[in-house]
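Participant: This is the structure, below, for whatever I ask next.
The values are calculated or read from the model by the stated rules, or taken from the named source; none is laboratory data. Owing to the predicted nature of the structure, the values given are computational and were not obtained by experimental measurement. For neighbour counting, all protein chains shown are included, and Cβ atoms are generated from backbone atoms with ideal geometry for every residue, glycine included.
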């Protein structure tokens, strides 16, 4: 098979390209910019384009397929050439489905927690040496790639609600037709694509209707939107809640129940490396999935103790006697609130400085800012950083610091628009070691080297 990737540098796209090369396919690709880690990984595999930019000479009639990523535009010259030649063109999710039609498909969706939930399922299956394929949105310990495609009878897919490609405007998760589906919760996001909450919710209603008959929908029972949407599923429905647990000396334990076959006399709980109610809910969803796949609670609870979390999800960058520094991918209001609350619950007697970069289209949209009201309320001190240049690049209305202050409405909030000022403040906080530090962003902090900052 000869396959060409348009916009090969994306996180998911380059992982799919690497996975297909491992299968023996002949892969080529193009992009106008590729950054690490994609660049280094493609280069090592011999798949890095010899020059950046688009070149219609790469699109030849003998290609079996072209896969186009979201970074490309609908008027991309290579894409137009492929259409002119009548080549078979796929989006990333379309191709994942093509490769998994004969497999049992587990698809994890929701506005938050889907990467962690998917990661937990993958970890438990791997722990018990169950053969499976996967497509997940983060690099995980113990997994070489974010995509695996083999002859395995099962695939676990993180189901994103964002658009599939510049010419495929279906949300990604509508392509997968799951046998087992998970929905972790619904909170408005992607305002550039779904300008109203009503339109955003509608995508999840469509998703549950794609579950195969005799399949299973697993959803978080306290989410009012999901309570309504679950009724549209042509499948059995299982609701889950926060499992019983307790926190002792900054350690979270699952309370032992009679189902835990490995429990020993005197054991007070199952120690976890993860923490926070949202992570416990993610575990409960993963637990329900693994039960549906035939694992028992003893196997599940044994495996989850070794799960340390997905990359950039409450990742510990530094741990000292008086200060722990966390890095997290949180950017949407619900994710920010859940992540801050998790750290405060785990470290109840410790002060917390929470730092958020506004970077996504939604978060930098002045009409969306009010959604952040109360999201940083549990933090003792809150910093919000945004780059005015990024706003201009996204062609959005300018945002004044006063508008951010009004939207977040936090008594100890400082707004930064200069990365050097933010860096100086973080250096002071790290040196003082008076508070834990939580750094939340899906961006790059205006070029600040966070690891260097923490470790200097």
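Participant: Residues being in contact with a helix residue (DSSP H, G or I) (Cβ under 7 Å, 6 or more places away or on another chain) and under 25 Å from residue 346 (Cα atoms): count how many of those fall in the stretch 390-426.
Facilitator: 3
Participant: Please work out which one of (1) surrounded by 20 or more Cβ atoms within 10 Å (Cβ to Cβ); (2) touching a helix residue (DSSP H, G or I) at 6+ places or on another chain (Cβ under 6 Å) is the condition residue 370 fails and give its number.
Facilitator: In the conditions (1) surrounded by 20 or more Cβ atoms within 10 Å (Cβ to Cβ); (2) touching a helix residue (DSSP H, G or I) at 6+ places or on another chain (Cβ under 6 Å), residue 370 misses (1) alone.
Participant: Separate question: So, in the stretch 175-193, how many residues would count as being within 18 Å of residue 91 (Cβ to Cβ) and either touching a helix residue (DSSP H, G or I) at 6+ places or on another chain (Cβ under 6 Å) or assigned by TED's automatic domain parsing to the domain that holds residue 366 (or both)?
Facilitator: Qualifying residue count, the stretch 175-193: 2.
Participant: So, in the stretch 310-321, how many residues would count as being over 22 Å from residue 278 (Cα atoms) and either within 12 Å of the chain's Cα centre (by Cα) or in a loop (DSSP other than H, G, I, E, B) (or both)?
Facilitator: Summing the residues that are over 22 Å from residue 278 (Cα atoms) and either within 12 Å of the chain's Cα centre (by Cα) or in a loop (DSSP other than H, G, I, E, B) (or both) in the stretch 310-321 gives 2.
Participant: Could you list all residues from the stretch 344-360 that are surrounded by fewer than 17 Cβ atoms within 10 Å (Cβ to Cβ) and either out of contact with any strand residue (DSSP E or B) (no Cβ under 8 Å at 6 or more places or on another chain) or over 26 Å from residue 319 (Cβ atoms) (or both)?
Facilitator: Residue satisfying the conditions is 349 alone.
Participant: Still on this structure, please answer the following. Only one of these is in contact with a helix residue (DSSP H, G or I) (Cβ under 6 Å, 6 or more places away or on another chain) and within 21 Å of residue 196 (Cβ to Cβ): 362, 375. Name it.
Facilitator: None of the others qualify; the one that does is 375.
Participant: Let me ask something else. Determine if the stretch 12-26 includes at least one residue that is over 22 Å from residue 152 (Cβ atoms), crowded, with 22+ Cβ neighbours inside 10 Å and under 27 Å from the mean Cα position of the chain (by Cα).
Facilitator: no
Participant: What is the residue count in the stretch 322-331 for residues that are modelled with pLDDT of 90 or more and either in a strand (DSSP E or B) or crowded, with 22+ Cβ neighbours inside 10 Å (or both)?
Facilitator: The number of residues fulfilling the criteria is 5.
Participant: Oh, and also: Do we have residue 191 as surrounded by fewer than 18 Cβ atoms within 10 Å (Cβ to Cβ) and in contact (Cβ under 8 Å) with a residue 12 or more places away in the chain here?
Facilitator: Values: surrounded by fewer than 18 Cβ atoms within 10 Å (Cβ to Cβ): no; in contact (Cβ under 8 Å) with a residue 12 or more places away in the chain: yes.
No; evaluated as a whole, the condition is false for this residue.
Participant: Checking the structure you have, find out if any residue of the stretch 75-87 is under 17 Å from residue 170 (Cβ atoms) and in contact with a helix residue (DSSP H, G or I) (Cβ under 9 Å, 6 or more places away or on another chain).
Facilitator: Scanning the stretch 75-87 turns up no residue that is under 17 Å from residue 170 (Cβ atoms) and in contact with a helix residue (DSSP H, G or I) (Cβ under 9 Å, 6 or more places away or on another chain).
Participant: When only residues in the stretch 138-155 that are under 14 Å from residue 120 (Cα atoms) and surrounded by fewer than 18 Cβ atoms within 10 Å (Cβ to Cβ) count, which is modelled with the highest pLDDT?
Facilitator: 143
Participant: Quick check on my filter: what residues within the stretch 112-136 are in a loop (DSSP other than H, G, I, E, B), touching a strand residue (DSSP E or B) at 6+ places or on another chain (Cβ under 9 Å) and crowded, with 19+ Cβ neighbours inside 10 Å?
Facilitator: Those that are in a loop (DSSP other than H, G, I, E, B), touching a strand residue (DSSP E or B) at 6+ places or on another chain (Cβ under 9 Å) and crowded, with 19+ Cβ neighbours inside 10 Å: 113, 132, 136.
Participant: Separate question: Restricting attention to the stretch 27-38, which residues are more than 25 Å from residue 150 (Cβ to Cβ) and surrounded by fewer than 19 Cβ atoms within 10 Å (Cβ to Cβ)?
Facilitator: Those that are more than 25 Å from residue 150 (Cβ to Cβ) and surrounded by fewer than 19 Cβ atoms within 10 Å (Cβ to Cβ): 32, 33, 35, 36.
Participant: Please determine, by comparing only the residues of the stretch 39-57 that are part of a helix (DSSP H, G or I) and within 32 Å of the chain's Cα centre (by Cα), which one is surrounded by the most Cβ atoms within 10 Å (Cβ to Cβ).
Facilitator: Narrowing the stretch 39-57 to residues part of a helix (DSSP H, G or I): 39-44, 56-57.
Now narrow it down to the ones that are within 32 Å of the chain's Cα centre (by Cα): 39-44.
On the way: 39: 15, 40: 12, 41: 19, 42: 25, 43: 13, 44: 10.
Top of the filtered list is 42.
Participant: Applying the selection to the stretch 58-72, what residues are out of contact with any helix residue (DSSP H, G or I) (no Cβ under 7 Å at 6 or more places or on another chain) and either surrounded by 14 or more Cβ atoms within 10 Å (Cβ to Cβ) or closer than 15 Å to residue 175 by Cα (or both)?
Facilitator: 60, 63, 65, 70, 71 - these are the residues of the stretch 58-72 that are out of contact with any helix residue (DSSP H, G or I) (no Cβ under 7 Å at 6 or more places or on another chain) and either surrounded by 14 or more Cβ atoms within 10 Å (Cβ to Cβ) or closer than 15 Å to residue 175 by Cα (or both).
Participant: Quick test for you: out of 63, 98, 87, pick the one residue that is at negative phi, in contact (Cβ under 8 Å) with a residue 60 or more places away in the chain and either not in a strand (DSSP E or B) or not assigned by TED's automatic domain parsing to the domain that holds residue 13 (or both).
Facilitator: Going through 63, 98, 87 in turn, just one is at negative phi, in contact (Cβ under 8 Å) with a residue 60 or more places away in the chain and either not in a strand (DSSP E or B) or not assigned by TED's automatic domain parsing to the domain that holds residue 13 (or both): 63.
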